[in-house]
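Before any comments, here is the structure.
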Amino acid sequence: MASDQSKCHFCMDSLCGKQYAMKEGNAYCVKCYDSLFANLCAECKKPIQCDSKDLAYKDCHWHETCFTCAKCHHSLVEKPFAAKDELLLCTECYSNEYSSKCFHCKRTIMPGSRKMEFKGSCWHEACFVCQHCRQPLGTKPLITKDHDNYCVPCFEKQFVQHCHSCKKVITTSGVTYHDQPWHKECFLCTGCKKQLAGQRFISRDEQPYCLECFSRCYAKKCVACAKPISALGGTKFISFEDREWHSDCFKCGKCSSSLVGKGFLTQQDQIICCDCATAV
């Protein structure tokens, strides 16, 4: 049965000569319609009355005048926009706030334009060029120096170095020792010729030695066990009258108790604890 559109379906007041709104085939006076069906504006939290334009996006509603960019507050009506963390932004504000910035010119890389990425940074395609010849690098091999990128020919021309040992060009990363460049494979222990790149070593008479060779050739020997006192950092040893002991070897010559942190006496070439010295 068709509803009676001469009366408000809710309050039953006459609609003759009055504005009304339809909902599911029923007529409502403006007051009842707004109280029953009007959506709340996501911006101002006020009802969007039936005589106002209701703009909706993802289950949210706005007055036409409230549908604006959250940053610059310009109207977004009939304009492209983006949503970020439940906020609506015009494309320009979204790009400035969230789009990548060019490492070279610091300007925004606009959506849709080609972006070059290298070592966690981004460039406009036109900004990603060799620092020397200014030609685009694109996907060509490159070398970075002091935060600048170079094509391989320009880098070799500007910064090429020769290995101090073999005198050949160093085209990739190498090792610097005494302000001289070396190939990694040329930087060897003077004693055993083992590669030292990335390893701990000790210099003696301007020659590099691995820790084992240095200990064998130059480290002081423990008086007790006659073994080298390691050159490794943190090794504990005791020194007394030009003699050295491993901390674990610094013991009484009679009872073998540790003398570390204790008083002791010397007896000829031996060191003895006070108890043993008293018992003599």
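Name the single residue, out of those in the range 14-53 being over 25 Å from Cys66 (Cβ atoms) and either under 47 Å from the mean Cα position of the chain (by Cα) or small (Gly, Ala, Ser) (or both), that is surrounded by the fewest Cβ atoms within 10 Å (Cβ to Cβ).
Among them, the one singled out is Gly17.
Are any residues in the range 163-172 surrounded by 14 or more Cβ atoms within 10 Å (Cβ to Cβ) and either of a type in the set (Asp, Glu) or not in a loop (DSSP other than H, G, I, E, B) (or both), and if so, which ones?
Correct list: Ile170 only.
Suppose we keep only residues that are over 21 Å from Lys227 (Cβ atoms) and out of contact with any Gly (no Cβ under 8 Å at 6 or more places or on another chain) within the range 258-269. Which one would you say is surrounded by the most Cβ atoms within 10 Å (Cβ to Cβ)?
Phe264
Yes/no per residue for (1) outside the structural domain of Ser6 (by TED's automatic domain parsing); (2) touching a residue at least 40 places away in the same chain (Cβ under 8 Å); (3) small (Gly, Ala, Ser):
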residue: Lys18; (1), (2), (3): no, no, no
residue: Gly25; (1), (2), (3): no, no, yes
residue: Val30; (1), (2), (3): no, no, no
residue: Lys45; (1), (2), (3): yes, no, no
residue: Cys50; (1), (2), (3): yes, no, no
residue: Lys53; (1), (2), (3): yes, no, no
residue: Tyr57; (1), (2), (3): yes, no, no
residue: His63; (1), (2), (3): yes, no, no
residue: Cys66; (1), (2), (3): yes, no, no
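Looking only at the range 30-84, count how many residues are β-branched (Val, Ile, Thr) and touching a helix residue (DSSP H, G or I) at 6+ places or on another chain (Cβ under 9 Å).
2
Report whether or not Asp59 is within 26 Å of Phe37 (Cβ to Cβ) and surrounded by fewer than 13 Cβ atoms within 10 Å (Cβ to Cβ).
Yes.
Could you count how many residues in the range 65-75 are at pLDDT below 90 and either of a type in the set (A, V, I, L, M, F, W, C) or in contact with a Lys or Arg (Cβ under 9 Å, 6 or more places away or on another chain) (or both)?
Total satisfying the criteria: 1.
Considering only residues that are hydrophobic (A, V, I, L, M, F, W, C), buried (at least 17 other Cβ atoms within 10 Å of the Cβ) and not in a strand (DSSP E or B), which ones fall in the range 81-116?
Those that are hydrophobic (A, V, I, L, M, F, W, C), buried (at least 17 other Cβ atoms within 10 Å of the Cβ) and not in a strand (DSSP E or B): Cys93, Phe103, Ile109.
Counting only residues that are under 49 Å from the mean Cα position of the chain (by Cα) and hydroxyl-bearing (Ser, Thr, Tyr), give me the strands (runs of 3 or more DSSP E) lying completely in the range 173-272 with at least 1 of them.
By residue number, 175-177, 201-204, 207-210, 237-240.
Can you tell me which of Phe159, Phe250 is within 30 Å of Ile272 (Cβ to Cβ) and of a type in the set (Phe, Trp, Tyr)?
Going through Phe159, Phe250 in turn, the sole match is Phe250.
Does Glu78 satisfy being closer than 30 Å to Cys151 by Cα and either in a strand (DSSP E or B) or over 28 Å from the mean Cα position of the chain (by Cα) (or both)?
no
Restricting attention to the range 187-195, does a residue exist that is at pLDDT below 85, more than 30 Å from Asp275 (Cβ to Cβ) and not small (Gly, Ala, Ser)?
No: the range 187-195 contains no residue that is at pLDDT below 85, more than 30 Å from Asp275 (Cβ to Cβ) and not small (Gly, Ala, Ser).
The values are calculated or read from the model by the stated rules, or taken from the named source; none is laboratory data. Note that the structure is a prediction, hence the values are computed from the model and not measured. Positions of Cβ are generated from backbone atoms using ideal geometry, with glycine treated the same way; all protein chains shown enter the neighbour counts.
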